[in-house]
């Protein structure tokens, strides 16, 4: 099944949910760029802790929601960190400080620290992504990108429509499987389902393109049903996020 989880009204009405989506997106990108400049362990963990605390206190997120949303990436972070620690180039360097030796396997301090640093960064990326997605309405995000970032309306609302069409693919797949069972064929996975699913996706895209053309997307100035503007809270959040990033990067290695 293809699932899409949207934040509920409780999260969207929170202080974090009322911020401009563009502000939250800029903060998330700035934090990710800052994490890419360091290989230390402490900064990513500090940013992850701040992001989760902000999500729970300001975004009204339950801890279980954050854990469920980030569990897959956190599991991948442990796997990636382990492989990088085991197969690091520093492990074959005689000058590197040895921590553990298991037969021919040699773990050194630079290799283990590099693996832990990579794990910490993936943990932080997952935490930031979950908090952002669970406190941001997809429609309001596109409205902010169109009104505040001035991206083309065709591109913005077309991407939104494609995102909202993901659950429809799941329903189409279920319908195709049921149709195969009715005809006496195997209802399990079959390569022909991909072709049928592609045909249905093209038909949906064609109807969507006609609907957007009928509504005059890209033909000239348009009125706004949902206006998105800047507030003082956006500036405060940006300054606070900058302070968090600088403070995290200044932590001792």
Legend entry - residue 57 being out of contact with any helix residue (DSSP H, G or I) (no Cβ under 7 Å at 6 or more places or on another chain) and either farther than 17 Å from residue 141 by Cβ or exposed (fewer than 14 other Cβ atoms within 10 Å of the Cβ) (or both): yes
Inset, instruction - Could you tell me whether residue 100 is surrounded by fewer than 17 Cβ atoms within 10 Å (Cβ to Cβ), touching a strand residue (DSSP E or B) at 6+ places or on another chain (Cβ under 7 Å) and without any contact (Cβ under 8 Å) to a residue 12 or more places away in the chain? - result: yes
Inset, instruction - Evaluate the range 133-140: report whether one residue or more is surrounded by fewer than 16 Cβ atoms within 10 Å (Cβ to Cβ), assigned by TED's automatic domain parsing to the domain that holds residue 52 and under 18 Å from residue 208 (Cβ atoms). - result: yes
Legend entry - Cross-chain or 6+ apart pairs with Cβ under 6 Å, the range 177-202 first and closer than 27 Å to residue 161 by Cα, then modelled with pLDDT under 80: 177/187
Legend entry - Sole exception among (1) more than 28 Å from residue 74 (Cα to Cα); (2) assigned to a helix (DSSP H, G or I) for residue 129, by number: (1)
Legend entry - Residue count for the range 201-253, restricted to those that are outside any loop (DSSP other than H, G, I, E, B), touching a helix residue (DSSP H, G or I) at 6+ places or on another chain (Cβ under 8 Å) and at pLDDT 85 or above: 11
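The values are calculated or read from the model by the stated rules, or taken from the named source; none is laboratory data. This one's a predicted model, so the numbers in the text were calculated from it and none came from an experiment. So basically every Cβ, Gly included, is an ideal-geometry build from the backbone, and we count neighbours across all protein chains shown.
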